[in-house]
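J.: Here's a structure for you.
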């Protein structure tokens, strides 16, 4: 609770934008899409040699993803 209260303004930043944008800003669809892409790639590869090889692959996937801007 202390953490939430300390950062409450950051949590409510989406309400500083126009009401029409709230749903686009609050949803995690972009983040979920990124995780889905990472899961697809990691599932294809199967096992990793070590943690570093997994982190490097995830980093490469993140670098290759292109996010579309939400029209204002």
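The values are calculated or read from the model by the stated rules, or taken from the named source; none is laboratory data. If you're wondering where the values come from, they're calculated on a predicted model, not measured in any experiment. Every residue, glycine among them, receives a Cβ derived from its backbone with ideal geometry; neighbour counts consider all protein chains shown.
J.: Inside the stretch 1-14, can you point out the residues that are within 29 Å of residue 63 (Cα to Cα) and either in contact with a helix residue (DSSP H, G or I) (Cβ under 9 Å, 6 or more places away or on another chain) or in contact (Cβ under 8 Å) with a residue 12 or more places away in the chain (or both)?
T.: 11, 13, 14
To keep it simple, each residue is scored yes or no on (1) exposed (fewer than 10 other Cβ atoms within 10 Å of the Cβ); (2) at pLDDT below 80; (3) on the phi < 0 side of the Ramachandran plot.
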{"position": "2", "(1), (2), (3)": "yes, no, yes"}
{"position": "5", "(1), (2), (3)": "yes, no, yes"}
{"position": "15", "(1), (2), (3)": "no, no, yes"}
{"position": "21", "(1), (2), (3)": "no, no, yes"}
{"position": "38", "(1), (2), (3)": "no, no, yes"}
{"position": "68", "(1), (2), (3)": "yes, yes, yes"}
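J.: Follow-up. Six or more apart or on different chains, Cβ under 7 Å: which pairs go from a residue in the stretch 20-49 that's over 18 Å from residue 60 (Cβ atoms) to one that's part of a helix (DSSP H, G or I) and at pLDDT below 85? Could you list them?
T.: Pairs that qualify, where the first residue is over 18 Å from residue 60 (Cβ atoms) and the partner is part of a helix (DSSP H, G or I) and at pLDDT below 85, are 22/14; 22/15; 25/14; 26/14.
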